[in-house]
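Written out below as structure tokens is the structure these notes cover.
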Amino acid sequence: MSTSDGRLVIVSNRVAIPEENKPAGGGLAVGVLAALRDHGGIWFGWSGEVTDRESGGPDITTIGNTDYATIQINRSDYEQYYNGYSNRVLWPVCHYLLDFIRYDQADFEGYRRVNAMFARKLMSLLQPDDIIWVHDYHLIPLASELRSAGIENRIGFFLHVPFPAYEALRAAPGHEYLLRCLCAYDVLGFHTPRDLAAFETCIREPVVGAEFEDNRVIRVPGGKLIADVFPIGIDVDEVRGMAEEASGTKRVKKLVKSLDERQLIIGVDRLDYSKGLMQRMLAYERLLEKYPNSQRLVTLMQIAPPTRAGVRAYDEIRNALEQVSGRINGRFAESDWVPIRYLNKGVARVPLMGFFRKAAIGLVTPVRDGMNLVAKEYVAAQDPEDPGVLVLSSLAGAAVELTDALIVNPHDRDDVADGLATAINMPLAERKRRYESMIEVLGRNDITAWRTRFVDALRNGG
Ligand code: ADQ
């Protein structure tokens, strides 16, 4: 795509200005950075800084072909917009975890206020032929705010989390407003056909008043929009390269040595209740009970850095996990073996990919996930001559594509334990067959395919 086609302006809640040797801030950052590296343009959003004054910015940092335009938000914005409506209402409702919803009207007002502020600050940077790509649930009202201010550029929205069916969405106060806001975009993107189908159950509601022209094109009050599936992928060669590079390092060799010939089961997640970490530890305990032989064969390493400190549910899950991992270790540990290594911190990308390569089993069992890039990275990091096995939740978006993983239900401890037992004993020929089929899918639907398809739909309308 040539730059004469207009700049790509990416907007997300957080902007992650790349820094060497720092872990990327999550799946969205990994995807956006890859799109900008290829395209150039602007990445606009919150710097991560909370001020006591009025919100400042945008401040521009230019690196290579990209301008990183960041704004600050103040304490009440942070509490109401970010911790509040985004993470106590939208995050749980999108993950079908309705018991976690904590609604406060002031939070909803803060959400609307910050979206209006994002729109005002973004407008000062826009040129008429820019295309604007908005990311994720924090910014659903952005296009509607920009349109009210007279902005006519093409604007697309990609949702990184699942889209809930109307029966779940309607539990969120403010959902009617959100649905109307979504109709202000030109293109809406989801990870899986299930998310698109769920969106369709919402758009049919009288509150929206939309009609389908076909299953992609929807006529909404005031215009048309395209809604489609754009499964996010990874840069397969980059992950493989990092994994190979890391394999020879002291850090990875030390990990392998410390395993004392045992197979490594690896879990890597942000510490979030949607990632099924508690269920995962209990399923691992079931493996050790049900297949006592496995006690001599495996070690689980769970890497889970805390996120969203200050949201109560996150503090609670952190405490609960420390307790359960401690209890399981107390129950099964031997003088020369601890069953769970629980690391409460992030690991830089290169060593992380090295850990994936050395892990015989990737254990990815969210109770709900938009896609889950860890599952894809684990597969891409494997040694093709001796690949490990992915045990994957049926409730992760990645399960739609990675059908040659061992698919399990994260709520069923026995199912996960049986999956792990199968993985531990899987012959090399079957591991290779599954790996080859999955790596082919990952290559076809990689990060370039994702952003090219979305940007093309946004530029050209399809
Ligand atoms: P996340 O919920 O953050 O992303 P995920 O897709 O797994 O989840 O992406 C996490 C990224 O951060 C991966 O690249 C991973 O390597 C990295 N990461 C995770 N834990 C880490 C750790 N402990 N140390 C270092 N790096 C770590 C959201 C949605 C997902 C969706 C993505 C992309 O919730 O469903 O797949 O966006 O759309």
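The values are calculated or read from the model by the stated rules, or taken from the named source; none is laboratory data. Since this is a predicted model, take the numbers as computed values, not measurements. Glycine gets a Cβ as well: all are built from the backbone with ideal geometry, and neighbour counts include every protein chain shown. Heads up: the accessible areas ignore ligands, DNA and RNA and are worked out on the full protein's heavy atoms, side chains in. Shrake-Rupley method; radii C 1.70, N 1.55, O 1.52, S 1.80 Å.
Scan region 389-404 residue by residue and report those that are crowded, with 23+ Cβ neighbours inside 10 Å and either outside the structural domain of Asn293 (by TED's automatic domain parsing) or away from the ligand (no atom under 16 Å from the Cβ) (or both).
Val389
Here is a yes/no grid of residues against (1) under 20 Å from the mean Cα position of the chain (by Cα); (2) assigned by TED's automatic domain parsing to the domain that holds Ala34; (3) more than 30 Å from Val30 (Cβ to Cβ):
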position: Ile203; (1), (2), (3): no, yes, no
position: Ala210; (1), (2), (3): no, yes, yes
position: Val217; (1), (2), (3): no, yes, yes
position: Val229; (1), (2), (3): yes, yes, no
position: Met242; (1), (2), (3): no, no, no
position: Ser258; (1), (2), (3): no, no, no
position: Leu277; (1), (2), (3): yes, no, no
position: Lys290; (1), (2), (3): no, no, yes
position: Thr299; (1), (2), (3): no, no, no
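Within region 289-300, take every residue that is surrounded by 17 or more Cβ atoms within 10 Å (Cβ to Cβ) and farther than 14 Å from Thr365 by Cα and give me the one that is farthest from the ligand (Cβ to nearest atom).
Ranking the qualifying residues of region 289-300, first place goes to Tyr291.
Do the conditions hold for Ile407, that is, is it open to solvent by 10 Å² or more (accessible area, probe 1.4 Å), more than 10 Å from the ligand (Cβ to nearest atom) and aliphatic (A, V, I, L, M)?
It is true that Ile407 is open to solvent by 10 Å² or more (accessible area, probe 1.4 Å), more than 10 Å from the ligand (Cβ to nearest atom) and aliphatic (A, V, I, L, M).
Is there a residue in region 23-45 that is open to solvent by 10 Å² or more (accessible area, probe 1.4 Å), under 29 Å from Ile317 (Cβ atoms) and more than 18 Å from the chain's Cα centre (by Cα)?
Within region 23-45, none of the residues are open to solvent by 10 Å² or more (accessible area, probe 1.4 Å), under 29 Å from Ile317 (Cβ atoms) and more than 18 Å from the chain's Cα centre (by Cα).
Can you name every residue in region 326-338 that is crowded, with 18+ Cβ neighbours inside 10 Å and more than 23 Å from Thr422 (Cα to Cα)?
Result: no residue meets the conditions.
Condition test on Ala69, is it over 23 Å from Val161 (Cβ atoms), buried (at least 22 other Cβ atoms within 10 Å of the Cβ) and in the same structural domain as His160 (by TED's automatic domain parsing)?
yes
Going by what's in this entry, would Ala309 be described as within 16 Å of the ligand (Cβ to nearest atom) and part of a loop (DSSP other than H, G, I, E, B)?
yes
In region 310-340, what residues are in contact with a helix residue (DSSP H, G or I) (Cβ under 9 Å, 6 or more places away or on another chain), closer than 22 Å to Pro292 by Cβ and not small (Gly, Ala, Ser)?
Residues satisfying the conditions are Val324, Arg327, Ile328, Arg331, Phe332, Glu334, Trp337, Val338, Pro339, Ile340.
I'd like to check which helices (runs of 4 or more DSSP H) are fully inside region 171-288 and have at least 3 residues that are open to solvent by 10 Å² or more (accessible area, probe 1.4 Å) and within 16 Å of the ligand (Cβ to nearest atom).
193-203, 236-247
The conditions are (1) in contact (Cβ under 8 Å) with a residue 60 or more places away in the chain; (2) assigned by TED's automatic domain parsing to the domain that holds Glu152; (3) more than 21 Å from Phe158 (Cα to Cα), and Asp195 fails exactly one of them. Which is it?
Failed condition: (3).
How many of the residues in region 359-388 are within 16 Å of Met278 (Cα to Cα), in a strand (DSSP E or B) and either touching an Asp or Glu at 6+ places or on another chain (Cβ under 7 Å) or more than 9 Å from the ligand (Cβ to nearest atom) (or both)?
Total satisfying the criteria: 1.
I need the full set of residues from region 339-353 which are in a loop (DSSP other than H, G, I, E, B) and open to solvent by 50 Å² or more (accessible area, probe 1.4 Å), in order please.
Correct list: Lys345 only.
Enumerate the pairs (first residue in region 345-373 and over 20 Å from Glu401 (Cα atoms); second residue anywhere and open to solvent by less than 20 Å² (accessible area, probe 1.4 Å) and basic (Lys, Arg)) with beta-carbon separation below 9 Å, excluding pairs fewer than 6 apart on the same chain, so at least 6 apart or on different chains.
none
Would it be correct to say that Tyr85 is buried (at least 18 other Cβ atoms within 10 Å of the Cβ), without any contact (Cβ under 8 Å) to a residue 60 or more places away in the chain and within 21 Å of the chain's Cα centre (by Cα)?
In short, no.
Of everything in region 141-191, what is out of contact with any helix residue (DSSP H, G or I) (no Cβ under 6 Å at 6 or more places or on another chain) and of a type in the set (S, T, N, Q)? Give them in sequence order.
Ser148, Asn153
Name the residues in region 119-160 that are open to solvent by 10 Å² or more (accessible area, probe 1.4 Å), among the aliphatic types (A, V, I, L, M) and closer than 24 Å to Glu109 by Cα, would you?
Met123, Ile140, Ala149, Ile151 - these are the residues of region 119-160 that are open to solvent by 10 Å² or more (accessible area, probe 1.4 Å), among the aliphatic types (A, V, I, L, M) and closer than 24 Å to Glu109 by Cα.
Please go through region 128-151 and give me each residue that is in a loop (DSSP other than H, G, I, E, B), of a type outside the set (Val, Ile, Thr) and either touching a Phe, Trp or Tyr at 6+ places or on another chain (Cβ under 9 Å) or touching a residue at least 12 places away in the same chain (Cβ under 8 Å) (or both), ordered by number.
Pro128, Asp129, Asp130, Asp136, Pro141, Ala149
Which of the residues that make up region 429-462 are hydrophobic (A, V, I, L, M, F, W, C) and within 22 Å of Glu377 (Cβ to Cβ)?
Of everything in region 429-462, those that are hydrophobic (A, V, I, L, M, F, W, C) and within 22 Å of Glu377 (Cβ to Cβ) turn out to be Met438, Ile439, Val441, Leu442, Ile447, Ala449, Trp450, Phe454.
Within region 448-459, can one find any residue that is under 16 Å from Val364 (Cβ atoms), open to solvent by 30 Å² or more (accessible area, probe 1.4 Å) and in contact with a strand residue (DSSP E or B) (Cβ under 9 Å, 6 or more places away or on another chain)?
No, that holds for no residue.
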